[in-house]
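The values are calculated or read from the model by the stated rules, or taken from the named source; none is laboratory data. Quantities reported herein were computed from a predicted structural model and do not represent experimental measurements. Counting neighbours? That spans all protein chains shown, and the Cβs are built from the backbone with ideal geometry, glycine included. With ligands, DNA and RNA removed, areas are computed over all heavy atoms of the protein, side chains included. Shrake-Rupley method; radii C 1.70, N 1.55, O 1.52, S 1.80 Å.
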Amino acid sequence: MKISQFIVIITLFFFGNTLFAQEKQKVDIQSGYLELRPEFPDAAIYTKDETGQVYIVHEGVEMWCDQAFVYLKNNFVKAYGSVRISQGDTISMHSKYGEYNGNTQFAFASGDVVLTEPKTTLKTDTLYFDRIKQQAYYRTGGTVRDTASVLTSRSGRYFAESKKYEFLSNVKIVNPKYTVNSNQLDFYSETGAAYLYGPSTIVSETSTVYCERGYYDTRGDTGYFVKNSKVDYENRTLYGDSIYFNRNKSFASATNNIRVLDTVNKSVIRGHYAEVFREKDSVFITKRAVAITVRDGDSIYVHADTLQVTGKPENRIVKGFYRARLFKPGKEGDEPTSGKCDSIYLNQKKGITKLLRNPVLWSGENQMIGDTIHILSDTITGKLDTLKVFNNAFLVQKDSLGFNQVKGERLIGLFTNNELDTVNIDRNAQVIYYSRNDKGELVGINNTVSSAIQMYLEKQQISGIRFIKKATGKVYPPSMLPENARILPGFQWRGEERLYTVEDLFKGKIAPVLPKITGIPLPKDEGAFFEEVPDEEIDIPEESKLSPKDLQDRPDDPKPETQESEAKRDSIQ
């Protein structure tokens, strides 16, 4: 019997409002061929005809299929062939087969299932939809196609009201620019925001991000990562309590307890705030910034209020701005080398370190000052090679009775095994030196002017002096040289500034106030998709393809980490 319209009173909803116990709702069958078959005595069967598919309208919900079996007694519908159910302009579901239980408002679809909402398309083989909860669920693998990416997972849950997907187990986002892997990921379809929980990576041609808690804007290509987070570039690795990442600008910044590892040059930079510009090969670090380079079994520490590292791995340049400090502990038994200045410059390829503006350098017990100080190192071993002090060079060594002093226009020092052993003072050289015999007894005070002076050191102590073109001077008995004549013009003693330990790099500096990292909390527990109900209490019509076990959680179904599960675990520990 062909009909254009047939009104049937049933208590069935397709994505409609809550059931009313005493009032049955009407379903309007707009088109289809109705037949009653003896073999299906409880079913009204509608089949598509020349006008099109079976078309059912109810309370703003539309349903199309090639054939529909309507079981009035059980308030149940089974649909076959090109099934499509639409809820306004928000949700549309396609499948080969579908069924709906009007008593529980629960839908089931199988066979090439496609769930479409404004921003995404979900494809899976089997999908459950709870209309009361407004949630869809799959556990046999699914694919969500977003405007920018493709997301896959073993298990997934869609929350229609918040437009959120909860992906669990083997979660993967494939984007033309990167690939995300995680074990738990929440994705908001309207914004493209992805929240990562547990060990997760974001891999691209130029970088790899790792975190155990993070946020990523899949459409804007920016992210925020916390908990064991790091960004690996080709030759640098950035660590921090929190990391901001912008792929479009090739930029990353880190806050609190940051480290930047340079794997090529065997160096690390520490601090509490850093900015990395990958394309410019540039790093800025502040808040107790210190660069550490290992050479020949020894470490060189460079600290300044701000450190900047630029250049390719083979030509790294480190610049320190404001209140810069240098410290080299030396190997066991060695005296440390340390320095202070306003700014510092290191060229690792050339093996040169420059101390600029009011510099002072200590090599063991020897203090050196001048307008500028350069330290040259062997580029292969990293050992100290040559020291140069330009303009107003002044070397001071403390004696029990005063100060040994040498000054001139320029100072050139030579190192052997990182110890200063020869010092040459050129142009207008002057010296005041407390001469002692082999027993350490004072012989006299040498006060001499010469065009150049060469000094020899053993174990950081002056062992000999040679004058070149000596002008005037002699060795005075201590009683014959007044106290005010024992200090050369321009003398400065800055011994209280000398660094003896690594901790002295920050001596006199106020510790920075670190911002509190709020982090990214785990999601709240939204309850299980399937209620914990005994088999006999699950309402399934006998005509359904499902069994009670299909509507229950399985032992191998992945479970999300939530705030509640974390609190419970912490309380046990």
Selection from the stretch 380-389 of residues that are open to solvent by less than 60 Å² (accessible area, probe 1.4 Å) and closer than 20 Å to Val360 by Cβ:
Leu384, Thr386, Leu387, Val389
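Between Glu503, Glu526, which is at pLDDT 90 or above, under 30 Å from Lys340 (Cα atoms) and open to solvent by 90 Å² or more (accessible area, probe 1.4 Å)?
Glu503
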How many residues of the stretch 259-281 are part of a strand (DSSP E or B) and open to solvent by 10 Å² or more (accessible area, probe 1.4 Å)? The answer is 11
Taking the stretch 227-258 and keeping only residues that are closer than 16 Å to Val309 by Cβ, open to solvent by 50 Å² or more (accessible area, probe 1.4 Å) and assigned to a strand (DSSP E or B), one is left with Tyr239
Name every residue in the stretch 78-89 that is of a type in the set (Lys, Arg) and open to solvent by less than 60 Å² (accessible area, probe 1.4 Å), in order of residue number.
Lys78
Return yes or no: is Ile487 β-branched (Val, Ile, Thr), open to solvent by 40 Å² or more (accessible area, probe 1.4 Å) and either more than 26 Å from Asn447 (Cα to Cα) or touching an Asp or Glu at 6+ places or on another chain (Cβ under 7 Å) (or both)?
no
Considering Ser435, Ser479, Ser451, which residue is closer than 28 Å to Thr337 by Cβ and either more than 58 Å from the chain's Cα centre (by Cα) or of a type in the set (Lys, Arg) (or both)?
Ser435
Only one of (1) under 17 Å from Arg295 (Cβ atoms); (2) of a type outside the set (D, E, K, R); (3) outside any strand (DSSP E or B) fails for Asn358. Which number is that?
(1)
State whether the residues of the stretch 420-434 include one that is open to solvent by 60 Å² or more (accessible area, probe 1.4 Å) and farther than 25 Å from Tyr476 by Cα.
no
Can you tell which of Glu526, Glu536, Glu496, Glu532 is closer than 30 Å to Lys331 by Cβ and either out of contact with any strand residue (DSSP E or B) (no Cβ under 7 Å at 6 or more places or on another chain) or β-branched (Val, Ile, Thr) (or both)?
Glu496
Among the strands (runs of 3 or more DSSP E) confined wholly to the stretch 111-191, which include 1 or more residues that are under 21 Å from Ile520 (Cβ atoms)?
150-153, 155-159, 164-175, 178-188
Of (1) farther than 18 Å from Leu361 by Cα; (2) surrounded by 15 or more Cβ atoms within 10 Å (Cβ to Cβ), Leu514 fails just (2)
If a residue must be within 15 Å of Gln460 (Cα to Cα) and under 48 Å from the mean Cα position of the chain (by Cα), how many such residues does the stretch 398-421 contain?
9
Restricting attention to the stretch 311-327, report how many residues are in contact with a strand residue (DSSP E or B) (Cβ under 6 Å, 6 or more places away or on another chain), touching a residue at least 24 places away in the same chain (Cβ under 8 Å) and surrounded by fewer than 23 Cβ atoms within 10 Å (Cβ to Cβ).
4
Would you say Asn404 is in contact with a strand residue (DSSP E or B) (Cβ under 8 Å, 6 or more places away or on another chain) and open to solvent by less than 60 Å² (accessible area, probe 1.4 Å)?
yes
Filter the stretch 90-110 down to residues that are open to solvent by less than 30 Å² (accessible area, probe 1.4 Å), assigned to a strand (DSSP E or B), closer than 18 Å to Ala68 by Cβ and not aromatic (Phe, Trp, Tyr), then give me how many there are.
9
Could you tell me whether any residue of the stretch 460-470 is of a type in the set (Phe, Trp, Tyr), at pLDDT 80 or above and farther than 26 Å from Arg498 by Cα?
yes
Any chance Gly440 is out of contact with any His (no Cβ under 8 Å at 6 or more places or on another chain), surrounded by 14 or more Cβ atoms within 10 Å (Cβ to Cβ) and not acidic (Asp, Glu):
no
Tell me, yes or no, whether the stretch 368-388 has at least one residue that is touching a residue at least 40 places away in the same chain (Cβ under 8 Å) and of a type in the set (D, E, K, R).
yes
Conditions (1) farther than 18 Å from Phe529 by Cα; (2) at pLDDT below 95: number failed by Phe106
(1)
Tally of residues being of a type in the set (Ser, Thr, Tyr), at pLDDT 95 or above and open to solvent by 30 Å² or more (accessible area, probe 1.4 Å) across the stretch 141-157
2
Among the residues of the stretch 540-567, what is the count of those that are surrounded by fewer than 15 Cβ atoms within 10 Å (Cβ to Cβ) and of a type outside the set (S, T, N, Q)?
12
The stretch 31-55 residues that are more than 21 Å from Lys73 (Cα to Cα) and open to solvent by 70 Å² or more (accessible area, probe 1.4 Å), paired with ones that are aliphatic (A, V, I, L, M) and not in a loop (DSSP other than H, G, I, E, B) (beta carbon under 6 Å, 6 or more apart)
Lys48/Val54
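Which ones in the stretch 282-308 are of a type in the set (D, E, K, R), at pLDDT below 90 and open to solvent by 50 Å² or more (accessible area, probe 1.4 Å)?
Listed by number, the residues that qualify are Arg295, Asp296.
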I'd like the residue in the stretch 78-103 that is among the small types (Gly, Ala, Ser) and over 28 Å from Asp42 (Cα atoms) and, out of all such residues, is modelled with the highest pLDDT.
Ser92
If we keep just the residues of the stretch 531-544 that are closer than 22 Å to Gln134 by Cα and in contact (Cβ under 8 Å) with a residue 40 or more places away in the chain, which is farthest from the chain's Cα centre (by Cα)?
Pro541
If you take the residues in the stretch 51-89 that are part of a strand (DSSP E or B) and either of a type in the set (Gly, Ala, Ser) or out of contact with any strand residue (DSSP E or B) (no Cβ under 6 Å at 6 or more places or on another chain) (or both), which one is farthest from Glu542 (Cα to Cα)?
Gly52
